[in-house]
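The values are calculated or read from the model by the stated rules, or taken from the named source; none is laboratory data. Just so we're clear, the structure is a prediction, and the values are computed from it rather than from any experiment. FYI the Cβ positions are ideal-geometry reconstructions off the backbone, even for glycines, and counts take in every protein chain you see. The protein model used for the area step is the full one, side chains on, heavy atoms only, and it has no ligands, DNA or RNA in it. Shrake-Rupley method; radii C 1.70, N 1.55, O 1.52, S 1.80 Å.
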Amino acid sequence: MKVLVADDNQFFRRLLEVNLTQWGHQVVPCSNGTEAWKILSRQDGPQLAILDWEMPGMEGVELCQELRKLVDRPYVYIFLLTAKTRREDILKGLDSGADDYITKPFDPLELQVRMRTAIRIIKLQEDLMKSIKAL
């Protein structure tokens, strides 16, 4: 699956890219929120995104909010991957439209399992849309 990874920290971006590639995904790396928005808002953009909260351009939370306003493209499953660990931050992140929230440093095995869940949900959404069109 094509996965957008947006993080201004090159170390974390590269770590995610290596893990995701090993798991069979095609990674679209971005170093800022503005670049991520341009890619994710396209009709053919990735349906799975891992976003850092604090990035230049658009922050991850702002990006979540803007993506949820789009109704003319397939659903994007969003992970917020951030160093913010306070309860208030988690609630704000999820309330902004993120589907999942993971704190840094992250456990690659946990991310891999959560990715499988995300892919199941994306496939269910695709199947639902096909069924609706068939009606």
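Values for this structure:
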read-out: Convex hull volume per residue in cubic angstrom - Cα atoms of the stretch 19-70; value: 76
read-out: Förster radius 30 Å - calculated FRET efficiency between Glu66 and Glu88 (Cβ-Cβ, nearest 0.05); value: 0.90
read-out: C-alpha center-to-center spacing [the stretch 98-135, the stretch 20-34] in angstrom; value: 15
read-out: Rg in Å to one decimal, and Dmax rounded to a whole Å, for the stretch 40-93 via C-alpha atoms; value: 11.6, 34
read-out: Cα coordinate range in the stretch 79-118, projected on the principal axes (Å, largest first); value: 25, 20, 10
read-out: Å² of accessible area per residue within the chain, as computed with a 1.4 Å probe and no ligands counted; value: 56
read-out: Semi-axis lengths (Å, descending) of the ellipsoid that matches the C-alpha gyration tensor of the chain; value: 22, 17, 15
read-out: Degrees separating the helix 60-69 axis from the principal Cα axis of the chain, which is the longest one; value: 10
read-out: Apportionment of accessible area to carbon and sulfur, the chain, percent (1.4 Å); value: 52
read-out: The stretch 55-134: relative contact order as a whole-number percent, Cα under 8 Å and 6+ apart; value: 29
read-out: Inter-probe distance in nm under a simple model that places probes 7 Å from Cα toward Cβ, at Ser131 and Lys38; value: 3.9
read-out: Using alpha-carbon coordinates, inclination of helix 10-22 to the longest axis of the chain, degrees; value: 40
read-out: Tail fraction, Cα-Cα pairs, the stretch 63-135, threshold 20 Å, whole percent; value: 41
read-out: Sequence-distant residues sharing a close amide H with Val27 (under 5 Å, placed H); value: Val3
read-out: Restricting the stretch 1-50 to chymotrypsin sites (Phe, Trp or Tyr not before Pro) in coil, as DSSP defines it, with at most 16 other Cβ within 10 Å; value: Trp23
